[in-house]
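Below is one structure, written out as structure tokens; the observations come after it.
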Amino acid sequence: MSTGTLITVAPTGAESAKAEVPALPVTLDELLLTAKECEALGAAVIHVHIRDDEARPTLDQGRLRDTVAALRENTDLIVQLSSGGAVTDPESARLAVLDAGPDMASCTMGTLNFGDDVFLNRWEFIVDLHTRMQERGIVPEYEIFDLGHLTALQRLLGKYGLPHGGHVHVDFVMGVPGGMPGTTQALVAAHQALRDLPEGTTFSATGIGRSTIPVLLASLSAGGHLRVGMEDTVTYAKGQPVESNMQLVARAVGFAQLAQRPPLTTAEARTLLGL
Ligand code: KMH
Ligand code: ZN
């Protein structure tokens, strides 16, 4: 059963420095321009991390609210705020992201080594995120960095019920040093483990760094959806820095069309995700 492809753009992230990656959108104006252009190319969801005036990652509540409002005013994209933030962000600030009223928010399903750092996601914190999103009508995207995170998701849904809207959507974030590798074999294993989740669960996948293309191809062939963007890779090809998020979205759209699974419109994406 083949459907169109949900394309998510993750334009900024919390890890790259503007000084080292000048094309990274860090101001609201840069983010809006990126969002509009990526939507025109075929993106339907935007996964948002924001920066402060010094281009450092921030979870400032006023900025988050302004960002959600501006994206809604200027685009029809589904606005997904990151509740992951940066590895240094405290749980309280990560939970408060939901107060900005996004359509969706990410919810990482476990703790992992994250390069030289630790990305902490305690069980009680995950439960808080999940149940608060249920109460507020925010649709989660469950971030799966490792196979065990799917087992944690099965446990979460079994104990606390389905997310708002009733549809389960996960994102395989592959190739983080400390998580599952960005390989076809790992994607197949993760895809097979979806059997234990509710019928109709959908997945996107993204490969960090040089695993971007193998993961993109594997996901398309397995019936999955795509996340691309400068959060996940800043190199377009060997020795060639990414020029813009649009370049990555355009490539993903091209692959999706070749696979005869063209990009879903924002309206189709809303239906798929139960928004
Ligand atoms: N920046 C990473 C520590 C998410 O957005 O939910 C976490 C991350 C996941 O990017
Ligand atoms: Zn993120």
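Residues in region 22-46 that are assigned to a loop (DSSP other than H, G, I, E, B) and within 15 Å of ligand 1 (Cβ to nearest atom): Leu24, Val26. Checking Ala256, Ala222 one by one, the residue that is hydrophobic (A, V, I, L, M, F, W, C), open to solvent by 20 Å² or more (accessible area, probe 1.4 Å) and under 29 Å from Ile138 (Cβ atoms) is Ala222 and no other. Out of region 35-65, which residues are touching a strand residue (DSSP E or B) at 6+ places or on another chain (Cβ under 9 Å) and under 13 Å from Asp99 (Cα atoms)? Once the filter is applied, which keeps residues that are touching a strand residue (DSSP E or B) at 6+ places or on another chain (Cβ under 9 Å) and under 13 Å from Asp99 (Cα atoms), region 35-65 yields Leu59, Asp60, Arg63, Leu64.
All conditions in (1) in contact with a strand residue (DSSP E or B) (Cβ under 6 Å, 6 or more places away or on another chain); (2) not in a loop (DSSP other than H, G, I, E, B) hold for Arg261, with the sole exception of (2). How many residues does region 128-149 hold that are more than 16 Å from ligand 1 (Cβ to nearest atom) and not charged (D, E, K, R)? The total comes to 5.
Residue under question is Pro177, and the condition is that it be more than 16 Å from the chain's Cα centre (by Cα) and within 27 Å of Asp116 (Cβ to Cβ); does it hold? Answer is yes for this residue. If you check Asn113, Asn121 for being over 18 Å from the mean Cα position of the chain (by Cα), outside any helix (DSSP H, G or I), closer than 22 Å to Ala14 by Cα and at pLDDT 95 or above, only one passes: Asn113. Does at least one position in region 69-79 carry a residue that is in a helix (DSSP H, G or I), open to solvent by less than 10 Å² (accessible area, probe 1.4 Å), of a type outside the set (Lys, Arg) and more than 15 Å from ligand 2 (Cβ to nearest atom)? So far as region 69-79 goes, yes, one or more of its residues are in a helix (DSSP H, G or I), open to solvent by less than 10 Å² (accessible area, probe 1.4 Å), of a type outside the set (Lys, Arg) and more than 15 Å from ligand 2 (Cβ to nearest atom). Reported count of residues in region 9-27, each being away from ligand 2 (no atom under 16 Å from the Cβ) and crowded, with 16+ Cβ neighbours inside 10 Å, is 2.
Each residue in region 65-100 was checked for being closer than 22 Å to Leu6 by Cβ and away from ligand 1 (no atom under 13 Å from the Cβ), and 10 pass.
The values are calculated or read from the model by the stated rules, or taken from the named source; none is laboratory data. The model shown is predicted, which means the values in this text are computed figures rather than measured ones. Note that we place each Cβ from the backbone using ideal geometry, even for glycine, and neighbour counts take in every protein chain shown. Remember, those area values only see protein heavy atoms, side chains included, never the ligands or the DNA or RNA. Shrake-Rupley method; radii C 1.70, N 1.55, O 1.52, S 1.80 Å.
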